[in-house]
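Taking it in order: structure first as structure tokens, then the write-up.
The values are calculated or read from the model by the stated rules, or taken from the named source; none is laboratory data. Not measured: the values here are computed from a predicted model. We place every Cβ from the backbone using ideal geometry, glycine too, and count neighbours over all the protein chains shown. These accessible areas exclude ligands, DNA and RNA; they are computed on the full protein's heavy atoms, side chains included. Shrake-Rupley method; radii C 1.70, N 1.55, O 1.52, S 1.80 Å.
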Amino acid sequence: MIPAPFQYARPTTVDEALQAIAEGGEDVKILAGGQSLIPVMRLRLAAPETVVDITRVGELRGVREDGDALVIGAMTTHHDVITDPLIAQYAPLVAEATETVADRQVRYRGTFGGALAHADPAGDLPAVALALDAEFVIAGPGGRRTVPAADFFVDYLTTALEEGELLVEIRVPKLTGQWGMRYEKFNRVAQAWSIVAVAAAVRREDGHIAEARIGLTNMGPTPLRARATEAALAGADATPEAIASAARQAAEGTSPSSDLNAQADYREHLVQVLTRRAVSAAAGL
Amino acid sequence: MTVTEDAATLAPAKEVGQPRRRKEDARLITGRTTWTDNMVLPGMLHLAVVRSPVAHARITGIDVSAAQQAPNVVAVYTGRDLAEEQGSIPCAWPVTADMVNPGHPSIAVDQVNHVGEAVAIVVGRSKVAATDAVELVDVDYELLPPVLDLEEAVADGADLVHDQLESNTSYHFVFDAGEAGTGTDTEQAFADAEVVVSRRLVQQRLIPAFMEPRSVVVQPQGDNYTMWSATQVPHVLRVMAAMVTGIPEHKLRVVAPDVGGGFGGKLQVNPEEILCLLLARRLGKPVKWTETRSESLMAAHHGRGQVQFIDIAADREGNVKGLRVRLLADMGAYLRLITPGVPALGAFMFPGIYKFPAYRFECDGVFTNKVPTDAYRGAGRPEATFAVERIMDELAVELGMDPLELRRKNWIKAEEFPFTTVAGLEYDSGDYEQATQKALELLGYDELRAEQKRRRESNDPVQLGIGFSTFTEMCGLAPSRVLGSLSYGAGGWESASIRMLPTGKVEVVTGSTPHGQGHETAWSQLVADQLGVPFEDVEVLHGDTAVAPRGMDTYGSRSLVVGGTAVVKAAEKVVAKARKVAAHLLEASEDDLEFADGKFAVRGTPGASVGIQEIALAVFAAHNYPEDVEPSIDAEATFDPVNFSFPHGTHLCAMDVDTDTGMVKIRKYACVDDVGTIVNPLIVEGQIHGGLAQGIAQALYEEAVYDADGNLTTGSFVDYLVPSAADLPHFDTANTVHVAPGNPIGAKGVGEAGCIASTPAVVNAALDAVRHLGVSDILMPLTPERVWRAIHQGGDGGDRATAGTNAYGGAQTESTAGVSTPASSLGGDR
Ligand SMILES: Cc1cc2nc3c(=O)[nH]c(=O)nc-3n(C[C@H](O)[C@H](O)[C@H](O)COP(=O)(O)OP(=O)(O)OC[C@H]3O[C@@H](n4cnc5c(N)ncnc54)[C@H](O)[C@@H]3O)c2cc1C
């Protein structure tokens, strides 16, 4: 379908972008890669008064190091994330999950920041950001603020981003020590969203699992951490039995939906299987 | 080396059999061609359709005033405005004498009967203007209970789709072999049987999902009209549109420019085609309509949609004794072009390749508050093949027999062709054993069976299964007299003509309009061989009723078998006419002339010869030609087959089933198809691949799902899952060749084979993997959830939740799915 009419601005700096957003009227939408926004506009689920296109804001692109964190610009495309050497070195889980997103064409346009700001419960990157304890740097009329992942995802398609604000960059702590990672995605066809997925990062120490961080995709309106499983794994033996036993708690505290792909009870089952598989792989089993 | 072999190597290679790349592909793939939506005409107006968001309701009021006043809107009409002139979308196949057809308005007048039905139309100066104004039309509905479930629709006291009718049943069609004299008494066969196996199988609704959306442009010129449409059937459309609107047939020209796929979905007279014609007549200006993908999924006809009750009778040794089929076939809300005929066509294919002595088929065509069903690749035959190939496996289990042994015991032997089946069809040629042997080798059957055993014994979480489908189909639609006996409204012949141009180039006009099959290439190969001219010298014209005035178009794997034969017959006439001229020019007797490689030569007189391309010029100049003939070697031919053709094949699928998650993954797929003579192996391979993709998609991915309110919740490609190459396995394909005796080419048709054969092979494979875990059926599509439930909770996997996925923020709106009420389950945050 054809989107409803809208005003259009194309700033080239963050400051210009914030100004364009402020002046855009009642309903302003930021356009990043457009891979989620344009479809919902075409379906007329969204009919913004103004679209602020930030594809020309160069300072929002790219990955850099800042002490013990990686800083990923919001406009870094999925493709650039997959091929970035710093991400490969310090946060391979991000790249692994991003590789499962959609198809090549979508990955060339879609962005890391756009995927996180959209906060689609079936999207793959929010759970990864949550598992890695990423931080979100947000610019607004009053300056910049930083929000931890745990507070960023508020509800279905809703984040801590306020009106007038722009997601600028995402800070991902570099993981040091003997970490293994795995993104286990379950979907029916290759280019589809996750029915359920599990992001796992596991640190091993002397044959034990010292620490496990587990993010869950599409097990509720927001990404979730599998806290009970994480607790059960902390200090556990790195054995198939210990992992399987901990994974059985993966659905605790989740509230998955029932839809064409899966009813809630099946999702609760799937998340246990996928958690077992993701943690086993991340633990090197 | 013998002398004859020498001669053979010197002659130019035959075109038939060459894997020529398709000459039409460059323009089709790049889109640099005349897709209907590319058409721009001066003063052209654009149509947008206001569609019903409810499945069943009386229209109590429509307010179009706001839309009328919107910028660049030219006119807004309701069904009431067009009621007098819109007629009814035609149904050409009254399968029984007392079939009930409630009529099918192009735009609803008093009542809507499915989500997506047109209730008002907006004509704008631009597509944007028309689309924006759609939201301004205000319609009041008085809701009626939606009728959605086939079994409930035929129960006593069911709500009615059409309350002026007595029931939801449109027709009751029966074929009884005992009564027809083609078999023995079915009830007796069942009464006497040692073993009877009965199953209820479900053919879910599918959506044709052609790549190019439907699109139509109508241009009025005086009292003449030209309609361009993305249709499979310009010829059929012309006749029907003339009858519906009263525009005289000779004042209406229909053009199907390049058309991007159809799969039966464009074998239709669409409401929007009629509406554009009516508007062009009213407004005196060109009118265009192109659908969105959401409209296409919601309002273009669907396919399949059957509940099948099937019983098989056999003795303990596995000799089949009888087959009984009772169908509930979903018509949807209305009867479109061949809606009622699709399941009836399948009636003749349920016995498959097996020698059933007794057979009875009954089908109820049932109305529901969903978009109408109609032809979809295979049309009736995939449904039949699925049922018989599934029930053969179930019988094998019941008897404790190997499923292949059971099939072998009952199939028609090579030496028994031609064979008249219990359904009265005369199968032409083939060898089921040979195709099966070849397929087993391609698959590596023995190793896979050994692996299956190992995995079972070790209780591997990933189990392996192997599924069979040994199928045949009736193709080459169709002998006109047979269609007449089935009450179909037209014939099944095809027409072709050949024009020899002065420079010796050749124009071939075919009535069999392609929509992506590669006719231009295959027909050129046929003509190059027949006339002995270079492949490059042949151009194939089609799709325009002013250029190709006679034709029956493309569906039912008919084009090469019927249309190609017409081309060959026309070429034979060209050669016969040219022979007279050649004799005259060479001053020889016709009987002394030999025609080979495009030249007429006088037998025994070396050097005395003239080429057919030279004769074309001589006849054009017309200075010197025989007294008793007209100066033309052009010719036309019409071919009406005497019988169908019967491609067959064996399809084998090896399937991994992850019992932890229910995920199924095709491990290996091998098929051997016998489609008779192969004119172009690349095209045959391509047709098989595409057919396999669609047949596998029915088994694993696709389903049109409606919620309790009658909303189509698979209203976008986020939820209606069409697989891509990444989701499909490598296909190991091969052919056997048993020439079709019914046409001079020897071809049987390949357009639907892959789609018909593959679905049961895939489902049988999945069941074979988990049968030992107590699973005997799983509903299609085999979603991981259904497979998991069948394994761990028993049953057939059950119904899916109907809510659309939340991905995309719930890619569903009123315009993609319908309206949300407390009972409905649309996805997203509404
Ligand atoms: C066919 C297809 C398949 C897909 N499959 C998957 C999949 O398997 N897994 C998956 O995770 N995703 C999938 N996606 C979505 C894809 O990852 C998108 O790229 C992503 O969700 C949105 O990124 P974008 O850059 O395109 O954002 P846009 O569409 O431009 O924006 C999305 C939303 O975020 C807001 N926004 C964007 N940037 C900012 C910012 N810097 N600050 C504040 N707000 C902002 C926008 O206003 C909008 O509301 C798929 C998309 C398509 C089209």
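Remarks
- Area buried, chain A against chain B - accessible surface, total, 1.4 angstrom probe, square angstrom: 3600
- Cut-off 10 Å between beta-carbons: net charge of the residues surrounding residue B:359, Lys and Arg +1, Asp and Glu -1: +1
- Helix A:264-282 vs. chain A, principal-axis angle (Cα, 0 to 90°, nearest 10): 70
- Put a plus charge on the Cβ of each Lys and Arg, a minus charge on the Cβ of each Asp and Glu, and nothing anywhere else: the dipole of chain A about its Cα centre is then about 740 debye.
- Note on chain A: with a GNM built from Cα contacts shorter than 10 Å, the maximum mean-square fluctuation among A:100, A:13, A:217 falls on A:13.
- Extension gain, residue B:608 back to residue B:437 (0.36 nm per residue minus Cα-Cα distance, nm): 56.4 nm
- Given B:453/B:668; B:321/B:453; B:266/B:505; B:321/B:413, the pairs whose alpha carbons are separated by over 23 Å: B:321/B:453; B:266/B:505
- For the range A:100-110, putting each phi into the Karplus relation 6.51 cos²θ - 1.76 cosθ + 1.60 with θ = phi - 60° gives couplings of 8, 6, 6, 10, 3, 4, 5, 5, 6, 10, x Hz, in residue order, rounded to whole numbers and with x for Gly and Pro.
- Taking a ≥ b ≥ c as the square roots of the eigenvalues of the Cα gyration tensor, the range A:17-169 is prolate, since a/c reaches 1.5 or more and a/b is larger than b/c.
- In the range B:383-424, the trypsin sites (Lys or Arg not before Pro) that fall in loop regions by DSSP, at most 13 other Cβ within 10 Å: B:413
- Chain B: calculated mean residue ellipticity at 222 nm from DSSP helix runs of at least 4, using -39500 (n - 2.57): -8500 deg cm²/dmol
- Label positions at residue A:27 and residue B:623, each projected 7 Å from the Cα along the C-beta direction, are separated by 7.8 nm.
- Put B:800, B:454, A:42 in order of accessible area, highest first, and with a 1.4 Å probe you get B:454, A:42, B:800.
- For a paramagnetic label modelled on residue B:184 (point 7 Å from Cα along Cα→Cβ), amide N atoms under 18 Å away belong, within the range B:312-328, to B:312-325.
- In this Cβ point-charge picture (+1 for Lys and Arg, -1 for Asp and Glu), the range A:127-213 has a dipole of about 380 debye about its Cα centre.
- Estimated from helices alone, the mean residue ellipticity of chain A at 222 nm is -8500 deg cm²/dmol (sum of -39500 (n - 2.57) over DSSP H runs with n ≥ 4, per residue).
- Here the Gaussian network model covers chain A, with springs between Cα atoms less than 10 Å apart; of A:24, A:110, A:177, A:177 fluctuates the most.
- With contacts taken as Cα pairs under 8 Å and at least 6 residues apart, chain B reaches a relative contact order of 15 percent.
- Cα-Cα over 31 Å, subset of A:29/B:127; B:23/B:599; B:409/B:748; B:251/B:577: B:251/B:577
- Here the spin labels are modelled as points 7 Å beyond Cα on the Cα-Cβ line, and at residue A:244 and residue B:317 they lie 4.9 nm apart.
- Derived scalar couplings ³J(HN,Hα) [the range B:268-284; Karplus, 6.51 cos²θ - 1.76 cosθ + 1.60; whole Hz; x for Gly, Pro]: 7, 9, 7, x, 5, 5, 5, 4, 4, 5, 4, 5, 4, 5, 5, 9, x
- Solvent-free Debye scattering, log10 I(q)/I(0), computed from the Cα coordinates of the protein assembly as shown at q = 0.09 Å⁻¹: -1.14
- Between residue B:591 and residue B:98, the contour length at 0.36 nm per residue exceeds the Cα-Cα span by 171.7 nm.
- Modelled label reach - residue A:163, point 7 Å along Cα→Cβ, the range A:1-33 residues with backbone N closer than 18 Å: A:7, A:18-31
- With protein chains left intact and a 1.4 Å probe, residues in the range A:179-282 average 33 Å² of accessible area per residue.
- Within chain B, longest stretch free of exposed GluC sites (Glu not before Pro) [DSSP loop, at most 11 other beta carbons within 10 Å]: B:318-586
- Chain B shape via C-alpha gyration tensor axes, a/c threshold 1.5: oblate
- 29 Å Cα-Cα reach of residue A:174 towards lysines, excluding residues that sit fewer than 8 places from it in its own chain: A:185
- At the residue level, residue A:179 shows approximately 50 square angstrom of accessible surface with a 1.4 angstrom probe and all protein chains present.
- Normalised per residue, the accessible area of the range A:7-53 is 49 Å², obtained with a 1.4 Å probe and no contribution from ligands, DNA or RNA.
- Whole-percent carbon and sulfur share, accessible surface of chain A, 1.4 Å: 46
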